[in-house]
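Here's the structure we're looking at; comments come further down.
The values are calculated or read from the model by the stated rules, or taken from the named source; none is laboratory data. Note that this is a predicted model, so its numbers are computed, not measured. Note: ideal-geometry Cβ built from the backbone for every residue, glycine included; neighbour counts use all protein chains shown.
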Amino acid sequence: MKVSCPAKLNIGLKINSKRPDGYHDLETEFRLISLYDYLEIKESKNFQLNINNDEIKTEDNLITKAYFLMKSLCHEKSDFSFKVQKNIPIGAGLGGGSSNCASTLIVLNKLFKLNLPDSKLLKIGLSLGSDVPFFIKGENSVAKGRGELLETIEIEANYYLIIYPDIKISTADAFKFYEENKTDFPKHLKNDFEYFARKVYPEINEIFNLMSQYGTVELSGTGSSMYLNFNSSEEAYTIATKVPTNCKFFVTRSLDKSPIYDELNK
């Protein structure tokens, strides 16, 4: 079995009050895009996880955590091996790890014959990561709370030029910076973390300044990826020629929904 794990963009991100549990209440629009990791699952004598990226540790990976959590809920003796083809950059604000985790939960719910309702699966997903419930739901949404309060929205088709400056940003570091400097954060930004990313990483600030002459540059999540919105892939590819050569770029389109449920039902 092989399934797709789509990336996401944050269309804006506002930080609200800090919660008693230590997290922050946020408001953002999650949008699914056509940039995918691929997850291949096979029956095996024991659990194995192979990822085509040596930077990613398998021991504390979200896939590993999701696997053993779901395994603890069932009486199935079967085990499975997982092979991940990573195309979504890590530490980029595109949700690759959360998407992998959500796909693992969805697939194992079927393979382990757990038949957990969506409400239970979403709760398990939230215990593993704030973005995981969105990928389990698999629909473009406005998100509040930690990201688990999801309201499905209809969107128009869009194309995005995503610029990745090969900088890995820790979400924890971004929130720590916010807590230490929140009185300095401008109120007018669409994504509050733009201030953090541009101040701490001069390379990101330079890309914002360079690419802003070709359209509105936005940060996804806590970064480091930035994106510009276009009406066609041709427009996006034309502007992609202006991206600095030390950056990676992707031209993607918006999705109406995650493909994983259709793939599972084939």
On the given criteria, is Lys8 surrounded by 21 or more Cβ atoms within 10 Å (Cβ to Cβ), under 21 Å from the mean Cα position of the chain (by Cα) and under 22 Å from Asp131 (Cβ atoms)?
yes
Could you grab me the full set of residues in region 223-242 that are in contact with a strand residue (DSSP E or B) (Cβ under 8 Å, 6 or more places away or on another chain), more than 11 Å from Tyr159 (Cβ to Cβ) and either in a loop (DSSP other than H, G, I, E, B) or of a type in the set (D, E, K, R) (or both)?
Ser224, Ser225
Residues (in contact with an Asp or Glu (Cβ under 6 Å, 6 or more places away or on another chain), of a type in the set (S, T, N, Q) and either more than 16 Å from Ile63 (Cβ to Cβ) or surrounded by 18 or more Cβ atoms within 10 Å (Cβ to Cβ) (or both)) located in region 11-44:
Asn16, Ser17
When the residues of region 119-165 are narrowed to those that are surrounded by fewer than 22 Cβ atoms within 10 Å (Cβ to Cβ) and of a type in the set (Asp, Glu), which ends up nearest to Gly223 (Cα to Cα)?
Glu148
State whether one or more residues within region 189-198 are among the polar types (S, T, N, Q) and surrounded by fewer than 18 Cβ atoms within 10 Å (Cβ to Cβ).
no
Selection within region 195-235 - in contact (Cβ under 8 Å) with a residue 40 or more places away in the chain, farther than 25 Å from Asp184 by Cα and hydroxyl-bearing (Ser, Thr, Tyr):
Ser232, Ser233
Subset tally (residues that are surrounded by 21 or more Cβ atoms within 10 Å (Cβ to Cβ) and over 23 Å from the mean Cα position of the chain (by Cα)) for region 219-266:
0
Looking at (1) closer than 24 Å to Ile90 by Cα; (2) assigned to a helix (DSSP H, G or I); (3) modelled with pLDDT under 95; (4) not aromatic (Phe, Trp, Tyr), which is the only condition Lys182 fails?
(1)
Counted residues, region 153-196 - those being in contact with a strand residue (DSSP E or B) (Cβ under 9 Å, 6 or more places away or on another chain) and of a type in the set (Val, Ile, Thr)
4
For region 67-89, how many residues are at pLDDT below 95 and closer than 18 Å to Gly223 by Cα?
0
One residue from Asn115, Asn109 being crowded, with 22+ Cβ neighbours inside 10 Å and more than 12 Å from the chain's Cα centre (by Cα)
Asn109
Does any residue of region 114-135 turn out to be touching a helix residue (DSSP H, G or I) at 6+ places or on another chain (Cβ under 6 Å), modelled with pLDDT of 95 or more and among the aromatic types (Phe, Trp, Tyr)?
yes
